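Comments concern the structure below.
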Amino acid sequence: MASSRSLSLTRWAPFTSVTAPWRFLINICHGKSIVETFTDMKPILNARNLAQLYRLCAEHYGELPAFATRQTATNWQPISFRELYERGKQIAAGLAQIGVRQGDPVGLISDNRVEWMLAEVGIQLAGAVNTPRGTDVIDDEWGYIFEHAEIEVAFVEGPKELQRLKRLRVQWPNLREVIQLDTRKGVEEGVHTLDQLAELGASALKTNPQCIQEREQSVSGDDLFTLIYTSGTTGKPKGVMLTHENILSQIKNVPLELSCTDRVLSILPIWHVFERMFEVFTMSYGVCTYYTSLRTLGQDLQNVEPTFMGSAPRLWESLHHRIMQGIGQAHPVRRALFHIAYRLSSWYQHSWTVLRNETLEPPPRSLIVRLAWKMVHSGRICLILPLYGFFNAAVLENVRLKAGGCLKATISGGGALPMAIDQFYRKIGIHVLEGYGLTETSPVLAVRIQSKEVAGTVGPIIPETELRIVHLETDEILYSSSQSALSQEIGLRGEIQVRGPQIMRGYYKEHGLTREVLSEDGWFRTGDIGMVTWNGCLRILGRCKSTIVLSNGENIEPEPIEARLRQCAHIENLALMGQDCKHLYALVVPDLEQFQQDGREVKTREELITDPEVHQTIFREIREMQHHPSDSGKHPSIRAIRLIAEPFTPGEELTNLFKLKRHVVAQKYDDVLQSLYAAEEPDSSRSRGHR
Amino acid sequence: MNSDQVLLHGLDQALLALMIIVIMFGMGAGLTVDDFRTVARRWRLVAIGFASQFGFMPLIAFTLATLLNLPPAYAIALVLVGTLPGGSTSNMFTYFARGSVALSISMTTASTLAALIMMPILLQIYTPGFAREIAVYDADGMAHEFVIPTVNIVVSLLLVLVPVAGGMTLRRFSRGWAKSAEDTAGFMAMIVIIFLVASTLIRHFPQVIGTDIKVYAAAITLGMFGFLIGYVGARIFGASPIHQRAISLETGIQNGPIAFAIILLSFSDVALQNQMLWMAILYSMFIVITASIFTLWLRRHGQRDWAITENTLVHRRLFGEEYVTQYPAGIVPKRIEHNLTQE
């Protein structure tokens, strides 16, 4: 099943470079890049470590705002690059005073706030390792993380977190000092505030002004800048070790350019790797980041008028929902005009994707058919252009204004962007550049670029990164971007493996786990199945690792849950599903014999699965099993199930050792799953799991 | 009267009349009484625009007609187009060209009112020379000298303002309907212009082919010269980039529908009317194309200015009026430094 189709890239290449009449059209309409930088970025891009980068930003951008926090809708509190650095320097000196050595992990449990950034700058300038998590971290995990990382000094957000910390503290003999970020509700004895820490540092800086600069000098690119513990419901959290070089390589290689006149609206949890990278990325371009929340998003889009946003699919779904709601409530005439505009735009955009070789599927092989096809689409563009031009200006622009009206482009990462949502933004004229990456790859591996906006893919692999596609069972290398002999084997599906400067150093103190995913020669196994499309983009097709990642970022190890549920009397076998969904689902093979023993007069499973009573029986059984007191109760419950008639068989859905091949099941029952997701999560009409 | 000779048949004429009403109504729906008040506030800029619209534009039209030696009916039509006030189309183009939409609206408002006086005067100044070349035959077959029907023109202008007032009234009572009327008007204009061009091409193909190339040249270049002179003029008078853009587009883009209304209502001679209408249709069609290209150019050209201005405005909105954005050296171009600190 692995080598479904092989296409040779060379066969297409001469054609794509030919100077065709539509090249001219493309140049007129899509000539210049959407963003441009006004400043010389070289010194900043060549920083050796984050401490140096923060210093250079302060020198370069000085009084420009770096971050802004919302007080009320039109009252935001800015902090400048210089201020951030100066304060960060004092905090760093303060940290040194309370005994933080270079390379020490420092805990940081807080949600998005400007003090988070101050703490981060402080930690980096002190040469320490930021070990962050959001306040939604559950006690077990928090306990594990601080114990595992042997945290001695920790920042916590407010009194609530402090109470939790005190409760958990018994597990951490090493924890010495605690700093509270939000001090509006007072501070307890024995706990530092950020101001106290800064004062401590300020006096230390008076006696030895060079102490922080010295630390900056001695931190090398190989040193850790962060330990990010990935969340896991069942498995233990794993501490991903990322180095300064990892993150700085991203700033160099992520194919985007911003300028100091840009505004970024941010909504992702600040400790999430994508947001971390993006934060550093925007800082190095002098961009101001404005923190918003889902609740105030609509208002903030209007007031901040962001020019760029990087966010998770959830935000794009929410914004889509909001826009469609606005259109639903609009005046009937305007609503009709919107639908005309949308239709015209989809014709227009589709013709462009054909002309720009941005279709997901390869074009027909015959040169003549292809030429004719392109001519037809050129003709359609010319015909539609005047009408599209008008509707784009009069109607779609108003829709874009709902997103502030200044968005040049946006990045979506941290999960699969549903195709329908992706298409929607494309049609209304907002570029969504979908990217792909993992915490372990800090995170960007591939991202759509302007010249290759192929919907349904995550774009080409970024510079300095090598990609190979490896056969799922035989480990044979099917495609390799660095080996010329294999670089044309596109269209083959297999596990995505990558090598590059952004790959983590390993899991903290987990040598065994690291060896499982990271080979001696630096290849990282992503656990995702993918292929390279005919136009050189990476397409993600599913997961080969069993871990299911829900849309809220929760990692679920399905195997223990499945093992347990297989004990239910009426279940022969089952497979948990829900990659990128809000909830967990199950495909269940009912136990025919058991139902027959129950006295039900059925002969085949086909009959059985159409009976709603059977469905109920099984679902009830699952519920009971999951809520059984002996169960640790931490498993997310299964939202809905679908029954399937064909049992899983070895060699097909199971390995010879009876291990479930989840991607095979996902692919085989794709239509069942899609209808299930559509029924259960209608607001996010997505095509998931097996994209 | 042979119907073949008529450029626009009954249906076309009715459509055109409907389009005029809808467009002028839509234009009114976009205006408020406040827009008239703000004209007084920015009188200096409006005056530059006024000079450009009623000073340069008719002069360009006259010069083009004379230099190209256009047939008299086309020449009169060209001057007529040159003397028109601005319309709501220019506001939309100004928005996309990142110019001052507020100034564009002010200029549209001011010029529409001023046209009542300026158009008859300007036509009296520039057209008699062309009119003299036309011989009109009355019912008895007697040749008369053609006279520009000034009174008719003023009446037509007043008639055109009725739907504008209607639109403004609607806006007072329902914003939702007014916004719809605005959008519908733009849509309608597009469809009708495309329809008129297509139907003329199909029915009067020989006539169209036979039209002097000079007529096309005049129809295309009138707007382009308008953009150029408006831009340069505003620059010389010291307007800032966003105002230069608004004035430039406002000067080049005229209110086509008013030309149609005047031609249909004031000129009774069929042959004359045909030629004049054809000129107005050609202008209306080509101005959309030239204005689109010019707007794209302005947009790209002014990207940096706009990015800086917009960012500064947002900072001021969010961080307080007193907040001063301090860009690193070399970011802010000299031409907009003044703007950032003032308005």
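Can you name the residue in region A:658-687 that is within 18 Å of A:P313 (Cα to Cα) and in contact with a helix residue (DSSP H, G or I) (Cβ under 7 Å, 6 or more places away or on another chain) and, of all such residues, is modelled with the lowest pLDDT?
A:S687
Just checking, does region B:274-286 include any residue being within 14 Å of chain A (Cβ to nearest Cβ), free of Cβ contacts under 8 Å to residues at least 24 places away in the same chain and crowded, with 17+ Cβ neighbours inside 10 Å?
Scanning region B:274-286 turns up no residue that is within 14 Å of chain A (Cβ to nearest Cβ), free of Cβ contacts under 8 Å to residues at least 24 places away in the same chain and crowded, with 17+ Cβ neighbours inside 10 Å.
Among the numbered criteria (1) assigned by TED's automatic domain parsing to the domain that holds B:I76; (2) not in a helix (DSSP H, G or I), which one does B:E250 miss?
(2)
Matching residues to (1) farther than 23 Å from B:L113 by Cβ; (2) modelled with pLDDT of 90 or more:
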position	(1), (2)
B:T211	yes, no
B:K214	yes, yes
B:G230	no, yes
B:P241	yes, no
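Do you know which residues across region A:250-272 are away from chain B (no Cβ under 14 Å) and not in a loop (DSSP other than H, G, I, E, B)?
Taking region A:250-272 first, the residues away from chain B (no Cβ under 14 Å) are A:250-256, A:266-272.
Residues satisfying the conditions are A:Q250, A:I251, A:K252, A:N253, A:S266.
Of the conditions (1) over 27 Å from the mean Cα position of the chain (by Cα); (2) within 14 Å of chain B (Cβ to nearest Cβ), A:V114 clears all except one; give me its number.
Every listed condition holds for A:V114 apart from (1).
Checking B:A291 against (1) of a type in the set (G, A, S); (2) out of contact with any helix residue (DSSP H, G or I) (no Cβ under 7 Å at 6 or more places or on another chain); (3) assigned to a helix (DSSP H, G or I): exactly one of these is not met. Which one?
For B:A291, the failing item is (2).
When region B:169-183 is examined, which residues are found to be surrounded by fewer than 21 Cβ atoms within 10 Å (Cβ to Cβ), within 10 Å of chain A (Cβ to nearest Cβ) and either in a helix (DSSP H, G or I) or touching a strand residue (DSSP E or B) at 6+ places or on another chain (Cβ under 9 Å) (or both)?
Correct list: B:R175, B:G176, B:W177, B:K179.
Hey, does region B:96-103 have a residue that's in contact (Cβ under 8 Å) with a residue 40 or more places away in the chain, in the same structural domain as B:N274 (by TED's automatic domain parsing) and on the phi > 0 side of the Ramachandran plot?
So far as region B:96-103 goes, yes, one or more of its residues are in contact (Cβ under 8 Å) with a residue 40 or more places away in the chain, in the same structural domain as B:N274 (by TED's automatic domain parsing) and on the phi > 0 side of the Ramachandran plot.
Six or more apart or on different chains, Cβ under 6 Å: which pairs go from a residue in region A:474-501 that's of a type in the set (S, T, N, Q) to one that's modelled with pLDDT of 90 or more? Could you list them?
Within 6 Å, the pairs are A:S480/A:R468; A:S481/A:E466; A:S481/A:L467; A:S482/A:E466; A:Q497/A:R468; A:Q497/A:V470; A:Q497/A:W523; A:Q497/A:R525.
Go through region A:117-150 and report how many residues are assigned to a loop (DSSP other than H, G, I, E, B) and surrounded by fewer than 21 Cβ atoms within 10 Å (Cβ to Cβ).
Total satisfying the criteria: 6.
Among the residues of region A:390-407, is any away from chain B (no Cβ under 14 Å) and surrounded by 20 or more Cβ atoms within 10 Å (Cβ to Cβ)?
Yes, because at least one residue in region A:390-407 is away from chain B (no Cβ under 14 Å) and surrounded by 20 or more Cβ atoms within 10 Å (Cβ to Cβ).
Kindly provide the set of residues from region A:36-55 that are free of Cβ contacts under 8 Å to residues at least 24 places away in the same chain and either touching a helix residue (DSSP H, G or I) at 6+ places or on another chain (Cβ under 8 Å) or facing chain B (nearest Cβ under 10 Å) (or both), ordered by number.
A:D40, A:P43
Hey, does region B:228-250 have a residue that's out of contact with any strand residue (DSSP E or B) (no Cβ under 7 Å at 6 or more places or on another chain), under 23 Å from B:P71 (Cα atoms) and not aliphatic (A, V, I, L, M)?
no
Considering only region A:46-92, state which residues are among the aromatic types (F, W, Y) and farther than 17 Å from A:I247 by Cβ.
Scanning region A:46-92 gives A:Y61, A:F67, A:W76, A:F81, A:Y85.
Looking only at region B:302-324, how many residues end up being more than 8 Å from chain A (Cβ to nearest Cβ), in contact with a helix residue (DSSP H, G or I) (Cβ under 6 Å, 6 or more places away or on another chain) and under 23 Å from A:Q77 (Cβ atoms)?
1
Would you mention how many residues in region A:337-362 are over 18 Å from A:E453 (Cβ atoms) and surrounded by 15 or more Cβ atoms within 10 Å (Cβ to Cβ)?
5
Within region A:273-332, take every residue that is under 18 Å from the mean Cα position of the chain (by Cα), part of a loop (DSSP other than H, G, I, E, B) and surrounded by fewer than 20 Cβ atoms within 10 Å (Cβ to Cβ) and give me the one that is nearest to the other protein chains (Cβ to nearest Cβ).
Restricting to residues being under 18 Å from the mean Cα position of the chain (by Cα), part of a loop (DSSP other than H, G, I, E, B) and surrounded by fewer than 20 Cβ atoms within 10 Å (Cβ to Cβ), the top hit is A:S293.
Being under 19 Å from A:L673 (Cα atoms) and at pLDDT 90 or above narrows it down to one of A:V532, A:V517, A:V549, A:V588, so name that one.
Within the list A:V532, A:V517, A:V549, A:V588, the selection yields A:V588.
A quick yes/no check of all residues on (1) within 31 Å of the chain's Cα centre (by Cα); (2) surrounded by 15 or more Cβ atoms within 10 Å (Cβ to Cβ); (3) modelled with pLDDT of 85 or more:
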| site | (1), (2), (3) |
| --- | --- |
| A:A2 | yes, yes, no |
| A:G31 | yes, no, no |
| A:R48 | yes, yes, yes |
| A:A58 | yes, yes, yes |
| A:P78 | yes, yes, yes |
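Out of region A:95-112, which residues are more than 24 Å from A:T135 (Cα to Cα) and buried (at least 21 other Cβ atoms within 10 Å of the Cβ)?
A:A96
Anything in region A:58-90 that is within 11 Å of chain B (Cβ to nearest Cβ), in contact (Cβ under 8 Å) with a residue 24 or more places away in the chain and under 24 Å from A:L205 (Cα atoms)? List them, or say none.
Within region A:58-90, A:H60, A:Y61, A:I79, A:F81, A:R82 qualify.
Can you name the residue in region B:325-334 that is within 36 Å of the chain's Cα centre (by Cα) and surrounded by fewer than 15 Cβ atoms within 10 Å (Cβ to Cβ) and is also nearest to the other protein chains (Cβ to nearest Cβ) among such residues?
Per the stated criteria, the residue is B:P333.
The values are calculated or read from the model by the stated rules, or taken from the named source; none is laboratory data. What you see is a predicted model; the values in this text were computed from it and never measured. Positions of Cβ are generated from backbone atoms using ideal geometry, with glycine treated the same way; all protein chains shown enter the neighbour counts.
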